[in-house]
Amino acid sequence: MEKQYLADQIDEEEIALWRPGQNILITSPTGSGKSTFILKNLLSFAAKKRKHVCYLCNRKILEEQITVTAPAKLREFFGDCDVSEDLLQFLHIITYQFCESGHGAPEVLSENMEIATDDVLFYVYDECHYFLSDALFNSGTNFWTSAIIRSDPGYTARINVFMTATPEPFKTFFAAQKLNLDEQIQGIRKLYLEKGKRKKELMYEWGKLTADVSMNTGKVTLRRNRTITKREIAAQCREIDPYGTMVEKLQNAKASLEFECYPKIPIADNFNQFSPHYFHDYAEIFEQIQTTPSGEKWMIFVDEERDGIDLAARLNQSGIHAVLLSRATYSKTKKRKSVMREIADTGHFSCRVLLATELLDCGVSITDSTVKHIVISHSRKNTFLQMLGRRRTHAGEHVHIYLRCYSPKEINGRFRQYDAKMRMLVNFALLNKTDYSQSKAPSANDDGMREKPFLSTKEKEWTIRNICTGHNSELVYPLRLRTEHRTFSETKRYANNGRKLLEEYAYSKTAFIALLYELAEYGAAIETYRSTKDPCFYLKWQLSWLGKSYEETRWLTYASSRKALTDYLMSREGEWIPKDMQKEFSERCMELLLDLPVPPLCLLKDASRFRNPEKNLYPGLKRLNESLKEVNVPYHLVSKQKCTPDRMTCWCVVGGPDHDARCSQ
């Protein structure tokens with residue numbers, strides 16, 4: 001299928017139909033030419049009217065890349081004209097972070113650049129999913145809740161163009177502005193309390209003791225008469241969903257958004273040039289890098305910076321040139337800055353392996369055809385697709401992508417992490433607020449309504465103490481109430497002295513919306529696991545984002561782990577295994593079965609018991625046969641009492657049902 005580009009879908013005739021006050025949403029896949037559309041179509045249209053384009057982006061490297069490549073691209077589009085005078089003077093590129101850092105909204109910046117606000121025709125918000133995707137580590141995104149969504153005459157006279165390959169986070173951000181977030185937070189808090197009350201009642205039932213009195217001795221024995229399990233308690237508590245109502249309201253608000261959506265004929269994602277593989281551990285990636293030709297480069301996106309540091313160190317130690325780019329390491333050495341500059345200028349990098357965190361997840365184009373391998377270890381859908389989109393492919397190219405398989409425990413851990421952050425944010429938002437509710441039965445002289453703080457004194461102390469720790473600081477947003485504004489460390493000391501923290505900080509609305517978005521995504525994934533019990537459920541979710549199907553043979557260790565298992569079984573085929581050797585044989589089979597990329601569930605569920613040296617347990621013949629059948633290995637075990645002095649029951653490995661006769665000899 002011929003690749004489609006945005007500049008061909010939205011021409012100048014279409015742009016001429018746009019009117020002041022409109023919000024234009026352009027959704028197209030990565031690599032579909034959004035930057036080209038801005039330079040070739042939007043900028044030229046504005047320049048003909050002697051109007052300007054204010055282009056905002058979410059990464060400094062993207063700003064640098066467009067600044068460097070724009071002159072050459074414009075000459076390619078329009079010939080050897082005086083690009084600087086004729087076109088570039090009408091293009092102004094700034095980052096979102098530049099606006100957030102106190103310099104003001106885009107229209108204020110245009111005035112600082114000596115451009116009248118009326119002379120700016122288009123405000124282009126590229127990678128506009130940024131408002132939510134960065135909200136949990138950059139509270140400055142809260143700035144845009146008031147800078148974009150306004151009703152003043154200056155705002156309604158301009159044309160806003162929002163661009164992204166992943167529109168759902170942006171739509172959620174925009175839709176949330178229609179809701180009263182303070183009211184939603186109060187509703188969530190009440191559901192927290194209701195859920196906690198139900199859990200307390202159920203745990204009381206679970207732990208209740210029953211006294212048994214012996215008729216003969218009169219001895220009293222206490223026992224737990226449990227009528228409910230902890231699993232059932234958890235299921236009943238999940239029936240109270242603190243976020244469900246708010247998520248439903250957001251969905252309804254999204255359905256009523258008034259955007260002019262382009263292109264009218266959507267450009268479909270095309271991931272046919274990517275061949276997926278799966279892995280569990282970075283050690284597998286390390287081995288894979290060593291087996292690939294030295295002329296093939298790798299891009300590795302890591303979820304945690306420490307994983308990137310460890311893998312980069314191991315690669316460099318083995319003689320493979322690797323560089324890690326992250327927010328923490330970027331400014332520390334000239335080497336990393338030179339790599340970023342090289343990518344911005346040329347779309348290439350000279351090292352064999354480039355490792356990166358979310359620093360490199362948006363906008364940047366890697367056009368180097370020698371980049372044949374991309375590793376993505378990230379669970380958030382939006383970030384995952386943006387990372388994959390950094391590699392610009394051409395017709396006939398073939399690129400291998402490697403997806404990390406997240407366990408159910410890890411995904412549930414992400415949900416719990418976001419849930420804990422949300423509880424912290426809700427507590428902070430209600431720190432100094434009270435609820436007016438029924439506290440006693442009404443009478444002739446009293447309606448029974450009383451004002452009561454949402455939080456107890458202990459909860460307030462806990463919130464103030466912990467809001468300043470770790471990444472929780474990004475859940476709050478500084479209020480511009482004074483010229484001499486405190487740093488956060490100063491505010492921490494100020495808060496610990498018992499003063500009112502809300503005097504200078506408020507909760508971040510974008511962080512609140514982002515947490516809701518992530519909780520809904522991860523919550524839906526976890527429910528899928530609860531219904532399927534599939535250990536690869538999240539890997540299959542990620543493959544569905546790419547329009548791919550799961551294939552067991554694409555695990556990096558598939559061939560080697562199965563060969564190790566079948567080789568061992570083949571070596572023991574036809575051999576009778578006496579009672580005193582069955583434990584050793586069973587433990588070796590269990591070890592090889594658990595080394596498979598997807599171990600058999602019937603064995604995995606009790607693996608911890610079998611591995612416990614104090615219990616001295618091992619899988620029996622039936623369990624081993626179930627496991628071998630589940631992983632589709634052409635061997636099974638049979639048992640028979642041999643005519644020995646002790647007439648012991650022995651096991652025998654056979655190659656299939658038709659081989660039983662071999663063991664009867």
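The values are calculated or read from the model by the stated rules, or taken from the named source; none is laboratory data. None of these values were measured; they are calculated from a predicted model. Don't worry about glycine lacking a Cβ; one is built from the backbone with ideal geometry, like all the others, and counts go over all protein chains shown. With ligands, DNA and RNA removed, areas are computed over all heavy atoms of the protein, side chains included. Shrake-Rupley method; radii C 1.70, N 1.55, O 1.52, S 1.80 Å.
Data table
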read-out	value
Per residue, in Å², the accessible surface of the chain once ligands and nucleic acids are set aside, probe 1.4 Å	49
Whether region 153-280 is rounded, prolate or oblate, judged on the alpha carbon gyration tensor where a/c under 1.5 counts as rounded	oblate
Dipole axis of the chain (+1 Lys, Arg; -1 Asp, Glu on Cβ), positive-most option in S139, V426, L324	V426
Pairs beyond 28 Å (Cα-Cα), from K171/K372; K190/K249; K48/K264	K171/K372
Entries in K440/K509; K34/K254; K178/K440; K40/K297 that, when Cα-Cα distance is taken, lie over 29 Å	K440/K509; K178/K440; K40/K297
Accessible-area value, D567, 1.4 Å probe, nucleic acids and ligands omitted, Å²	60
Rounded if a/c under 1.5, otherwise prolate or oblate - region 4-105, Cα gyration tensor axes	rounded
Helix-derived mean residue ellipticity, 222 nm - over the chain, DSSP H n ≥ 4, -39500 (n - 2.57), to 500	-12500 deg cm²/dmol
Shape of the chain, Cα gyration tensor, a/c cut at 1.5	oblate
The chain: antiparallel DSSP beta bridges as a percent of all, rounded to 5	30
13 Å beta-carbon shell around K171, net charge (K/R +1, D/E -1)	0
Packing-based ranking, highest mean first, of 228-236, 536-544 given that Cβ atoms within 10 Å are counted	536-544, 228-236
Computed magnitude of the charge dipole of the chain (debye, nearest 20; Cβ of K, R +1, Cβ of D, E -1)	2800
